[in-house]
Each structure stands twice: as C-alpha cells, then as structure tokens.
Amino acid sequence: MSHSGSRADGPLHMVTPTIRSFPISAHAGYDVFLKLDNLQIPGSFKIRGIGNLMKKASQQGCKKVVCASGGNAGLAAAYGAKMMGLPATIVLPQSTPAFVADKLRNEFGAEVEIVGKVWDESNAYAINLAKQPDILYVHPFDHPDIWEGHSTLIEEAAKQLPCKPDVVIVSVGGGGLLNGLFMGMQKVGWGSVPCVAMETRGADSFNAAVKNGKLVTLPDITSVAKCLGALTVSAKSLELAQQYQNIHSVVINDAKAVDACLKFADDHRYLVEPACGASLAAVYGDVIKGLQKEGKLGEVKTALVVVCGGSSVTLKQLETWRDMFHL
Ligand code: PLV
C-alpha cells in the first residue's frame, strides 16, 4: 500500500489492494475480487472523493472546512483538514453513534455538532454554517470533484486485477460512489461492464428514483445502514441509470447486510458497516443468480466488490444486530 496520504503534494487517499477472496469465491462459485477501501486511514473510500475536492478547493484558499455526514464523509473531511492544517466542523445526525463523534474529536481534532434526525437535516444546517466567507463546504456525495476522486478506485483496480470483471458491485447512499465508479469505468474501458447498485430497504432512495423515473424523497431512513441514508439520491445517479441499461438497482433487507458483515469478519477478519455489508451480501447471497434469472446479467466468472468500509461499527454493535435479526 502506498502511503501517499502523508505527502503534502500528493493525494490524501492511499492506493489500496485488490485481493482475490478465496473464501467468498468458494462460496459464490465464481472469482470474487475485493477492492479493500476499508483500509483507507479514515475508514472508508470517502477520502478519495473528499480528498480530491478539498485539494482542489484549497488552491482557491479557504480557512475552515464544514461537512455534514452520516459519519464516514465527516471522518474523511476531518482527516483531510488535519492533513492540510485546517480546522473542521462536522455536523452529524442523532443516528450516528457517539464513538464516531469521539473519533472525530480525539483523532482528527474536529469540532462536532449533532443536528437533526437524519443526514438531510444535518446538511441543511451545515449549508447555513458554511455561508460565512472562507469556509469550504464539503458535500459527502454530490459534486463532480467527489466523483472524480472516487473514480481512482476503478483506475487502480483495473491495474491490479488479472482481467476485466464481469460485474462490479457497489453500495449506494447518495450515489457519489456509484457516479465516481461509473466515471472510472468509462476511463479504463469498462463501459460495457454491468454494475450492481446495492441498497438496504429503508435507505433505498436510488431504487425509488429508478422505479419512479424521477427523484424521490424518502419519508425517513429506517434501515440500520444509516450511512446509506440520504433521503434523496443525487440527480446524476438517476441520470446514469436512465442513460445506461447496465446499472442494476437491487434492494436487500437489513438482516442480509448484517449477515454479510458477520461472514466477512469471519472470512477476512475485517469489521465493516452494513452500508458495506449490502455490497458483500450480493456475493454471499443469491443476488447475482437472481439478476441472471431475470436476464439482466450474463455469465459471471469474475466479480469485483467495492469494500467501501465504514467506521460506524463495533464488534458489540454487530453482535447486537446479529441477535436482533436472529442470525
Ligand atoms: N456515507 C455518507 C452519507 O451518509 C456519509 O456521510 O458518510 N458506504 C459507506 C461506508 C458510506 O459511508 C457511504 C456514504 C456509502 C457507502 C455510500 O456512498 P454514497 O453516498 O457516495 O453513495 C448519509
């Protein structure tokens, strides 16, 4: 792994490994490759996009960073700000666990404000805070610089994989990751590779938009995957789904996402959030087979799963969910 995050002139994210998962491949019956972005220092892929946005914006000069986040975007923004020597204020909804707020304060020196029941409410507050001059407002998913940063994940994977995958699997919250992956896939010549966009029920704003042919605002986030909880997906994600037939939106229940997190912990000894479990559930469960039966996917010999990671999880929390869902 390259620690480019420590160089003042380089990107804030690291190059992460893409590994072949022998346990998951044995289970799935095809080769499953994992892009391990859970290994990024702030705990998720988010630093790719947010780091890119912050580096670009800093060229115009700014004195402070403000970001509203379900947790992981905030950790990325706070880490980025620390590396760039800027103060940061991170606005979290009440649903974000207290230990994430502590991490933000203690590890990255950020100021934390808890505002709103869901991220959308925290965001409205953050936008207002950022109206003062010289403040850089960092959106967690809806900005072209964020997508450009996320696209590096695919550029790396294309160099690391032994072949072009038959499918790429990704979780969707506000859609920033999906938009960025899509951008990367066009760049590396994977334009024809299908993409499976995973959400959990109760955080399924992308699926609702795709089904209705227009953006839909969910009444609430009822899934345990709070980090997939944007009430409305980005307009760009809907536009991509309408333009390209090879983006397949799939919704699973929370139990399957949590079950995948548990299996992944045993198989690879990594703890990830249900937001990431949603993607892993596609290869642990029958999502791929289901799409093939519907005629949406052809033969799959190789799948690439984006292990987006996430810090809003502990062993104890995972055990609580395991009991709650009788797993
Ligand atoms: N999380 C955002 C939005 O939360 C945040 O503020 O951290 N996987 C993980 C671990 C995530 O944290 C997120 C987004 C996603 C996937 C989805 O990424 P997106 O929003 O770019 O689709 C409310």
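The values are calculated or read from the model by the stated rules, or taken from the named source; none is laboratory data. Note that this is a predicted model, so its numbers are computed, not measured. Glycine also receives a Cβ, built like all others from the backbone with ideal geometry; neighbour counts cover every protein chain displayed.
Confirm whether Glu148 is part of a helix (DSSP H, G or I) and over 15 Å from the mean Cα position of the chain (by Cα). For Glu148, the condition - part of a helix (DSSP H, G or I) and over 15 Å from the mean Cα position of the chain (by Cα) - is not met.
Quick check on region 257-266. Is at least one of its residues within 27 Å of Pro23 (Cβ to Cβ), among the aromatic types (Phe, Trp, Tyr), in a loop (DSSP other than H, G, I, E, B) and more than 16 Å from the chain's Cα centre (by Cα)? No.
The rows are residues; the columns are (1) over 21 Å from Gly174 (Cα atoms); (2) within 12 Å of the chain's Cα centre (by Cα).
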{"residue": "Tyr30", "(1), (2)": "yes, no"}
{"residue": "Met54", "(1), (2)": "no, no"}
{"residue": "Lys64", "(1), (2)": "yes, no"}
{"residue": "Ala73", "(1), (2)": "no, yes"}
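Could you look through region 171-191, keep only residues that are in contact with a Lys or Arg (Cβ under 9 Å, 6 or more places away or on another chain) and more than 19 Å from Ala282 (Cα to Cα), and pick out the one that is nearest to the ligand (Cβ to nearest atom)? Looking at residues that are in contact with a Lys or Arg (Cβ under 9 Å, 6 or more places away or on another chain) and more than 19 Å from Ala282 (Cα to Cα), I get Gly176.
Quick check: anything in region 57-73 without any contact (Cβ under 8 Å) to a residue 12 or more places away in the chain and closer than 25 Å to Ser279 by Cα? For region 57-73, residues without any contact (Cβ under 8 Å) to a residue 12 or more places away in the chain and closer than 25 Å to Ser279 by Cα: absent. Checking each residue in region 261-280 for being touching a Cys at 6+ places or on another chain (Cβ under 9 Å) and either polar (S, T, N, Q) or over 20 Å from Lys46 (Cβ atoms) (or both) picks out only Ser279.
Among the residues that make up region 166-178, is at least one of them assigned by TED's automatic domain parsing to the domain that holds Pro274, at pLDDT 95 or above and surrounded by fewer than 23 Cβ atoms within 10 Å (Cβ to Cβ)? Yes, that holds for at least one residue. On inspection, Ala203 does not qualify as within 12 Å of the ligand (Cβ to nearest atom) and part of a strand (DSSP E or B).
Residues that are at pLDDT 95 or above and out of contact with any helix residue (DSSP H, G or I) (no Cβ under 7 Å at 6 or more places or on another chain) within region 277-286 comprise just one, Ser279. For the residues Glu121, Glu113, the requirement of being assigned to a strand (DSSP E or B) and over 30 Å from Leu34 (Cα atoms) singles out Glu113. Counting only residues that are outside any loop (DSSP other than H, G, I, E, B) and surrounded by 24 or more Cβ atoms within 10 Å (Cβ to Cβ), region 227-238 holds 3 of them. Highlighted here are the helices (runs of 4 or more DSSP H) found entirely within region 267-327 that include at least 1 residues which are acidic (Asp, Glu): 315-324. Checked against (1) more than 21 Å from Lys35 (Cβ to Cβ); (2) part of a loop (DSSP other than H, G, I, E, B), Gly191 meets all criteria but (1). Checking Val168, Val224 one by one, the residue that is assigned to a loop (DSSP other than H, G, I, E, B), in contact (Cβ under 8 Å) with a residue 60 or more places away in the chain and more than 10 Å from the ligand (Cβ to nearest atom) is Val224 and no other. When you check Phe141 against the structure, is it of a type outside the set (A, V, I, L, M) and crowded, with 18+ Cβ neighbours inside 10 Å, yes or no? The answer is yes for Phe141. So for region 304-318 (the condition being within 16 Å of the ligand (Cβ to nearest atom), under 20 Å from the mean Cα position of the chain (by Cα) and surrounded by fewer than 18 Cβ atoms within 10 Å (Cβ to Cβ)), does at least one residue qualify? Yes, because at least one residue in region 304-318 is within 16 Å of the ligand (Cβ to nearest atom), under 20 Å from the mean Cα position of the chain (by Cα) and surrounded by fewer than 18 Cβ atoms within 10 Å (Cβ to Cβ).
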